[in-house]
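*Asks:* I'd like to ask some things about the structure below.
The values are calculated or read from the model by the stated rules, or taken from the named source; none is laboratory data. Because the structure is a prediction, the values reported are computed rather than measured. Cβ sites come from the backbone with ideal geometry, for glycine too, and all protein chains shown count toward neighbours.
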Amino acid sequence: MAKNVSVDAKSTLEKKEANEGKVEEEEYTEHRNEMYFFLEKHPEYRISAVGRWLENQKGEVVGDADTYFLHITSGQRCEGVRNCFQGWSEEDEESDEKWETLCQRIEELDGLEQIICDEESFGL
């Protein structure tokens with residue numbers, strides 16, 4: 001499958017060099033990756049996440065990536081994985097346990113930001 005990374009139009013930031021009084025412009029390219037986490041034994045249980053970051057002309061990441069999750073029904077931005085369920089719940093205990101397992105496994109992941117930025121999907 002093709003990777004789900006989009007590249008936005010280049011944005012330009014200015015750097016001022018104090019000693020010479022020159023203004024140097026450096027171009028950055030914005031990247032965005034939308035992916036999802038799922039339970040391997042129950043792939044219908046999935047939570048979407050988004051990573052956004054800037055790269056300079058050399059392909060180096062500039063600053064920190066902005067990563068977040070998407071609400072399970074509204075698709076709105078959520079800072080934490082558990083916020084994806086605000087105002088929503090399952091009818092049965094078995095489903096609640098599966099969602100809880102997925103959240104817990106996501107929270108325990110090492111390198112979460114990198115996974116969100118690099119992967120299309122990630123089974124747990």
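*Asks:* Among the residues of the stretch 99-121, is any more than 22 Å from N33 (Cβ to Cβ), in contact (Cβ under 8 Å) with a residue 12 or more places away in the chain and surrounded by 15 or more Cβ atoms within 10 Å (Cβ to Cβ)?
*Replies:* Yes, the stretch 99-121 contains at least one residue that is more than 22 Å from N33 (Cβ to Cβ), in contact (Cβ under 8 Å) with a residue 12 or more places away in the chain and surrounded by 15 or more Cβ atoms within 10 Å (Cβ to Cβ).
*Asks:* Tell me which of these G21 doesn't satisfy, since it passes every other one: (1) on the phi < 0 side of the Ramachandran plot; (2) modelled with pLDDT under 90; (3) exposed (fewer than 10 other Cβ atoms within 10 Å of the Cβ).
*Replies:* (1)
So that you can scan it fast, the table gives a plain yes or no per residue for (1) of a type in the set (S, T, N, Q); (2) farther than 18 Å from E30 by Cα; (3) in a loop (DSSP other than H, G, I, E, B):
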{"site": "R52", "(1), (2), (3)": "no, no, no"}
{"site": "V62", "(1), (2), (3)": "no, no, no"}
{"site": "G75", "(1), (2), (3)": "no, yes, yes"}
{"site": "S95", "(1), (2), (3)": "yes, yes, no"}
{"site": "T101", "(1), (2), (3)": "yes, yes, no"}
{"site": "Q114", "(1), (2), (3)": "yes, no, no"}
{"site": "F122", "(1), (2), (3)": "no, yes, no"}
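*Asks:* When you go through (1) in a loop (DSSP other than H, G, I, E, B); (2) surrounded by 18 or more Cβ atoms within 10 Å (Cβ to Cβ) one by one for K58, which number turns out not to apply?
*Replies:* Checking K58 against (1) in a loop (DSSP other than H, G, I, E, B); (2) surrounded by 18 or more Cβ atoms within 10 Å (Cβ to Cβ), the one that fails is (2).
*Asks:* If you go through the stretch 98-116, how many residues are aliphatic (A, V, I, L, M) and at pLDDT below 95?
*Replies:* Final tally of qualifying residues: 0.
*Asks:* Ok, one more. Which residues, taken from the stretch 28-62, are over 16 Å from I116 (Cα atoms) and of a type in the set (G, A, S)?
*Replies:* If the condition is that a residue be over 16 Å from I116 (Cα atoms) and of a type in the set (G, A, S), then G59 is the only one that fits.
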